[in-house]
1. Let me check against my output: what whole-number percent is the relative contact order of segment 1-91, with C-alpha pairs under 8 Å and at least 6 apart?
2. Arranged by the count of other C-beta atoms within 10 angstrom, fewest first, what order do 197, 1 take?
3. For segment 1-49, what mean projected area does the convex hull of the alpha carbons give, in nm²?
4. Does anyone have the angle between helix 41-54 and the longest principal axis of the chain? Alpha-carbon axes, 0 to 90°, nearest 10?
5. Please report the equivalent ellipsoid semi-axes of the chain, computed as sqrt(5 x eigenvalue) of the Cα gyration tensor, largest first, in whole Å.
6. Would you mind ranking 186, 239 so that the residue whose beta carbon has the fewest other beta carbons within 10 Å leads the list?
7. With a cut-off of 8 Å between alpha carbons and a minimum separation of six or more residues, what is the relative contact order of the chain in percent?
8. Give the peptides 160-168, 214-222 in descending order of average Cβ contacts within 10 Å, highest first.
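Every read-out reported here was derived from the displayed coordinates using simple, explicitly stated rules and does not represent laboratory data. Everything quoted here is computed from the prediction, not taken from an experiment. Glycine also receives a Cβ, built like all others from the backbone with ideal geometry; neighbour counts cover every protein chain displayed.
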Ligand code: NAP
């Protein structure tokens with residue numbers, strides 16, 4: 001399917017690895033020029049080089065922390081005007097509800113709620129002026145079904161979801177769509193390190209840990225960054241212009257609900 005976005009320009013945040021990287025590859029395959037971001041320069045440059053070698057698109061990189069004001073300013077300066085914004089960052093640490101004080105909540109809100117909101121506020125006005133734009137926020141399955149040990153993530157991402165629900169309706173008339181893409185369990189570097197931690201804490205083998213987790217997912221496996229990216233690229237396509245304020249869940253059926 002021709003996604004109809006060849007020649008558009010996208011900022012994909014936190015995209016040297018994992019889900020953000022999957023989105024970057026899928027957008028590049030659709031002919032979209034990219035501004036990629038991550039904190040570590042080495043993996044970021046490696047991802048950019050791989051995309052340049054596969055697709056005829058322009059790829060710029062900005063090594064910066066997207067959750068800091070200075071990092072965002074650097075990214076926004078290089079990005080300039082973009083047609084597509086994919087927001088993403090690392091998630092807050094796990095813990096118990098009694099662990100977290102005000103500063104922990106402020107950090108989580110900054111990273112997973114106020115950072116995407118700041119990027120939307122910076123980039124959507126020029127999309128509206130030009131009458132076309134797409135924003136996809138990478139959030140989490142925890143927005144639909146809370147993960148108890150991820151209370152900071154549950155809180156911050158739900159706040160972003162509420163903001164998008166209202167704001168997406170305010171900008172849709174200018175040709176700009178804002179939607180959220182909710183990952184369930186996906187086979188990324190983050191998931192490998194979480195599963196290796198489970199090996200250490202339980203004494204079980206890596207394969208046994210994975211088999212147990214796969215058994216909790218009706219699809220019987222983790223999702224891949226490539227299929228996550230393909231869904232993101234569709235949500236950024238011409239064909240998704242009537243999709244407004246939605247929360248698209250990719251979890252292999254793990255969340256049991258009728259809608
Ligand atoms: P990942 O494999 O660890 O990749 C994270 C990417 O984000 C890397 O490129 C990392 O590069 C970059 N990054 C992290 N913090 C950043 C920051 N402050 N500024 C700029 N770049 C940053 O993680 P992932 O699995 O793709 O997860 C992405 C997001 O989805 C996370 O918020 C995670 O909580 C959420 N999520 C993932 C899953 C899953 O199953 N994978 C499920 C639900 C939710 P640097 O470290 O070099 O900055």
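1. Worked out over segment 1-91, it gives 34 percent.
2. Working: 197 11, 1 8.
Lowest count first: 1, 197.
3. Working: hull surface 12.8 nm².
Computing the convex hull of the Cα atoms and averaging its projections yields 3.2 nm².
4. With both axes taken from Cα atoms, the answer is about 60 degrees.
5. Details: eigenvalues 159, 86, 73 Å².
Semi-axes from the Cα gyration tensor: 28, 21, 19 Å.
6. Going from least to most buried by this count: 239, 186.
7. Values: 489 pairs, mean separation 57.5, N = 259.
Result for the chain is 22 percent.
8. On the way: 160-168: 17.2, 214-222: 13.1.
By packing density, highest mean first, the sequence is 160-168, 214-222.
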